[in-house]
Each structure stands twice: as structure tokens, then as C-alpha cells.
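One structure is given below, encoded as C-alpha cells.
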């Protein structure tokens with residue numbers, strides 16, 4: 001039995017992906033403990049998973065919601081610097097407090113989110129094996145590809161390559177505060193200095209929720225890079241309670257847990273659905289109040305709820321309107337549901353570009369009007385079924401959570417890098 005630590009950002013979707021992996025490892029006889037600020041405990045629903053609260057002084061109980069609100073507005077350039085500062089503060093806290101906490105819990109290996117550099121840095125400093133997990137688009141860099149957070153389409157011409165390089169320089173300039181934190185943490189942990197997230201990834205194994213067919217063509221992925229598809233727990237509980245009229249189109253709209261409060265976007269989606277005489281199910285993930293829910297019904301939505309069973313909704317939907325969260329997109333591929341992606345922040349512009357590149361959806365700016373949304377939804381009907389079938393088949397064979405657990409167990413069993421295809 002191995003006692004694993006999970007080090008991931010305090011974001012709901014990231015915690016859920018790691019919880020799925022943790023549950024599988026626990027089923028196999030291992031022990032798993034999450035290490036984060038106290039507020040993140042609320043997202044763990046499996047009582048078998050341990051939790052060790054950190055940051056009592058710097059990240060006290062009750063402080064997470066304000067940080068999440070700032071992250072939800074990170075598309076605003078004036079607020080982006082504060083979001084980056086939040087990232088720096090969390091990484092600094094974790095790098096400072098993790099070594100003693102891991103020792104107290106007798107941790108033997110770490111599972112580290114690519115978006116939180118502290119896990120990899122501390123694991124390397126302590127000489128512990130660790131596995132990197134990309135819950136969002138991978139941060140792994142290749143010179144000919146745009147960064148995951150950039151909105152650019154895939155292209156190989158010289159002008160596009162110059163734009164990609166320029167955008168990387170801008171990104172690295174914006175992230176200089178994090179680079180400073182990483183260099184200082186590297187010094188204290190007595191390891192080689194690092195300046196970016198992409199330099200803090202595991203040499204043992206890197207696991208991604210994407211699949212090669214969805215991502216832009218990578219020429220030089222790490223030898224230990226494993227694209228396993230979505231990390232999910234088996235669905236449980238009731239299926240959809242909404243009676244869908246098969247004679248009318250059915251549209252599902254969700255903007256994820258961070259962006260669910262964007263009433264104005266939902267209202268334009270509702271108006272577009274009314275123009276199409278379509279049924280619309282809005283899932284706002286708790287971001288709207290009862291009055292706003294009623295207004296959306298008046299605007300054209302058929303049903304408005306906080307949470308809906310996403311897999312059921314996508315299986316029944318003729319189209320989904322999404323912000324481009326990777327979880328929603330992967331689930332839509334499995335359901336073969338065309339996507340209209342209206343990206344807002346983080347890697348969502350990159351996800352939107354990959355959706356259009358793969359031929360499984362269209363994208364539109366987040367401020368688009370109801371008429372534009374309506375027209376794009378009509379255009380979705382003309383998409384070919386072939387890319388959906390191909391990608392869904394690839395996802396079905398990727399291995400998912402079980403394969404991720406196999407890779408993780410192989411790392412701790414051998415203490416060596418697990419190469420792609422090695423466990424086939």
C-alpha cells in the first residue's frame with residue numbers, strides 16, 4: 001500500500017478529477033490525502049479520502065470564495081494581475097508548508113496538478129516519486145504550437161509562428177511574479193531553478209485528460225506522456241428529470257462552476273433558443289438566484305437549474321453551448337454532441353480553437369448577441385459525424401481513470417519513468 005498526496009489548485013473541476021483517481025487507488029488498497037487550504041475540503045465527497053488543511057494564516061477558512069470570484073473575472077486584463085498574485089501566494093504557501101505536512105502524514109508519492117507547481121517542486125526536493133496530471137489542456141510546450149491559454153488556430157506558416165512566439169513572450173512577462181516564487185522555492189528546496197509551470201512536470205509520468213486526436217499535432221511529447229482521457233467516477237444518482245419533446249431541438253447550456261453567474265450570457269443563449277423554437281436546459285452551477293432563474297425562463301429557457309446530470313444532458317442534447325471547459329468538451333465528444341464554444345478565461349480559448357480544429361463544433365466570442373448565437377447553432381447541424389465517431393472511439397480506448405491508476409502504480413512500484421505504451 002502507498003500513501004499518496006494530492007496537490008492541486010482549489011478549483012472544483014480539478015478536485016473532482018483527482019477525486020476520481022483517488023477513489024480508484026483507494027479501491028486498490030492505497031491511501032490518498034489531499035493537501036490544500038481548508039475551504040477546498042468541501043468538494044471531497046468520498047469519505048475515504050483524507051484531507052490535510054494548510055495555510056491557516058495566509059489562506060484561512062472563508063478566504064477561498066473571494067479568490068474564486070477573482071478567478072472568474074480573470075478575462076479582465078485589469079484583474080488578471082490579482083489572479084496571478086493569488087496563484088503566486090498559494091504556490092508560495094504550499095512550497096513552505098508541504099514538506100513538514102507530507103512528513104507528518106508519511107507520504108510516499110505525490111499526484112500533482114500541472115497548474116500547481118508546488119507539488120512537483122516539493123516532491124523533487126524531498127526525493128519522492130511524483131506524477132503530473134493535466135486536468136486542463138497540457139502546459140507542455142512545443143515551439144511550433146501556441147500556448148494552451150492562447151486563442152490561436154493551428155497553423156505552420158511563418159507569420160503564425162511569429163505570432164505564437166510573441167504571445168509566449170507576453171505570457172512569460174505576465175507570469176514573472178510566479179517565476180520569482182518558483183526560483184526562490186527551488187533555492188530553498190536545493191533543486192535546479194525553475195521559472196514556469198512547464199518546467200515543474202514529472203519525469204516519471206505525465207497524465208492528460210485530453211487525447212491526441214483532439215489536441216493540436218504534437219511532434220515531441222515527453223516519452224512519459226500518457227493521454228488517457230477524462231478522469232471520472234462512474235455516474236450515480238437520478239438521471240434527468242426533464243421531459244424532452246422529441247419534436248423540438250434540445251439545447252444544453254453550461255458555463256461551468258466558475259462562470260455560472262454570467263446571467264447576461266445565459267439570457268442571450270435563451271433568446272437564441274426561443275428564436276429557434278428549441279428547448280433549452282440551463283445549468284448555472286449555483287451561480288444564479290431564483291429571480292434570475294425566472295427571468296431566464298421568461299427570456300426563452302425551458303428549464304433552469306443549478307446542477308444537471310451532464311452526461312445525461314449531453315447524451316440527449318442536439319447541441320451544447322459551453323464556455324470551453326475541458327470536462328464538458330470531453331463529455332460532449334463521448335456523447336457526439338456538437339458544441340458552440342464561447343470561451344471566457346484560462347485555457348478555454350485554446351480549447352475552443354481545438355474544438356473547431358477537430359471539426360466537432362464552432363466558436364463565438366462571449367459577448368455575441370442572440371442572433372449570432374442562433375446562426376451558429378443552425379450551422380452546427382451541418383457538421384460531419386465522422387470526427388465525433390473517430391474521437392469518441394479514441395476516447396473509448398484511452399483508458400480513463402483505470403489507466404491513470406495503472407500508470408501511477410507502475411511509477412511507485414518501479415521508481416522509474418513509465419513510458420507511453422509501456423503498459424499496453
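So here's what we get for this one:
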{"read-out": "Exposure proxy ranking, count of Cβ atoms within 10 Å, fewest first, for 263, 204", "value": "263, 204"}
{"read-out": "Length-normalised contact order of the stretch 250-396 in % [C-alpha pairs under 8 Å, at least 6 apart]", "value": "23"}
{"read-out": "Fewest-first ranking of 294, 267, using other Cβ atoms within 10 Å as the exposure measure", "value": "294, 267"}
{"read-out": "Length-normalised contact order for the chain - Cα pairs under 8 Å, 6+ apart - percent", "value": "16"}
{"read-out": "Potential lengthening between residue 290 and residue 96 on full extension [0.36 nm per residue; Cα-Cα distance subtracted]", "value": "65.6 nm"}
{"read-out": "Span from the the stretch 391-408 Cα centroid across to the the stretch 219-271 one, whole angstrom", "value": "19"}
{"read-out": "Label selected from [x] 133; [y] 122; [z] 142, the criterion being volume of the Cα convex hull per residue in Å³ as computed here", "value": "[z]"}
{"read-out": "Two-site label geometry, residue 298 and residue 243: point separation in nm, points 7 Å out along Cα→Cβ", "value": "2.6"}
{"read-out": "Helix-only [θ]222 nm of the chain, DSSP H runs n ≥ 4, -39500 (n - 2.57) each, per residue, nearest 500", "value": "-13500 deg cm²/dmol"}
{"read-out": "Hypothetical label at residue 174: residues of the stretch 77-92 whose amide nitrogen lies under 17 Å (7 Å Cα-Cβ projection)", "value": "77-89"}
{"read-out": "Degrees between helix 12-27 axis and first principal axis of the chain (Cα, 0 to 90, nearest 10)", "value": "60"}
{"read-out": "Approximate spin-label separation residue 152-residue 384, in nm, with each point projected 7 Å along Cα-to-Cβ", "value": "2.6"}
{"read-out": "Using alpha-carbon coordinates, inclination of helix 400-414 to the longest axis of the chain, degrees", "value": "10"}
{"read-out": "Pair residue 394, residue 46: separation of 7 Å Cα→Cβ label points (nm)", "value": "2.7"}
{"read-out": "Helix axis angle, 263-275 relative to the chain longest principal axis, alpha carbon, degrees", "value": "40"}
{"read-out": "For the stretch 132-174 and the stretch 28-60, distance of Cα centres in Å", "value": "33"}
{"read-out": "Per-residue Cβ neighbour rank within 10 angstrom, fewest leading, 30, 198, 14, 284", "value": "198, 30, 14, 284"}
{"read-out": "Gain in span if fully extended, residue 161 to residue 3, counting 0.36 nm per residue against the direct Cα distance", "value": "52.5 nm"}
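Laboratory data are not the source of any read-out in this text; all were calculated from the coordinates shown. The structure displayed is predicted, hence computed values, not measured ones. Positions of Cβ are generated from backbone atoms using ideal geometry, with glycine treated the same way; all protein chains shown enter the neighbour counts.
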